[in-house]
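Working notes, structure below.
What follows is calculated from the coordinates using simple rules that are stated; it is not laboratory data. Quantities reported herein were computed from a predicted structural model and do not represent experimental measurements. Heads up, the Cβs are rebuilt from the backbone with ideal geometry, glycines too, and the neighbour counts pull from every protein chain shown.
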Amino acid sequence: LIRVLKIDLPEYMGFVAPSAISLVGCIAGTYLTKPTPRDVLVNFVKVTRPFGFWSDIASELPQAEQEAIRRETRRDLVAVVFAVPWQLVLFLLGMVVVLRQWNSFAGLLIGFIGLSAGLYWYWFRHLSATEVLRSSANLGQDGQRESRPEAVPES
């Protein structure tokens, strides 16, 4: 748009201007639309288990589920320490193979194996296949589909 209008701005404004416009749009959308129904928010917290500012809604869940969310959050925060470098090393492994830098490859491979072990220990081994399947299919304990609150109430 800046090029089309032939506006002479510093290069960094090519990032700042769209970001500021997006921020204003997000805030306007937040305050100009109806609030999300509480039961939808509770279902969201139950399924996605976010952390941070969701504690007032999470407090409506059973105590056992709240504790499970806290444990999962702690594990996820530790796993991030392994996951971010793991992703970087994975990228670098492919790059050094293409460049045929075998000494670098060996060191990165050792690091990759160590980071993979950390990810397994702090994150992957705690994943429950039945829990993942149940939440993705929105099934209850008995295997039947749970009724989901609608995001938009009927008019």
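Observations on the structure shown:
- For the peptides 37-47, 60-70, the ranking by mean Cβ contacts within 10 Å, running from highest to lowest, is 37-47, 60-70.
- Potential lengthening between F53 and I110 on full extension [0.36 nm per residue; Cα-Cα distance subtracted]: 16.7 nm
- Shown in residue order for segment 4-15 are the 3J(HN,Hα) couplings computed by the Karplus curve 6.51 cos²θ - 1.76 cosθ + 1.60 at θ = phi - 60°: 5, 7, 6, 8, 8, 10, x, 4, 4, 5, x, 9 Hz (x for Gly and Pro).
- The gain in end-to-end length when the A68 to W102 segment is fully stretched comes to 7.9 nm, 0.36 nm per residue minus the alpha carbon separation.
- The simple Förster model, with R0 at 22 Å and r as the Cβ-Cβ distance, assigns L93 and Y120 a FRET efficiency of 0.80.
- Placing pseudo-labels 7 Å out from each Cα toward the beta carbon at V4 and D76 gives an inter-label distance of 3.8 nm.
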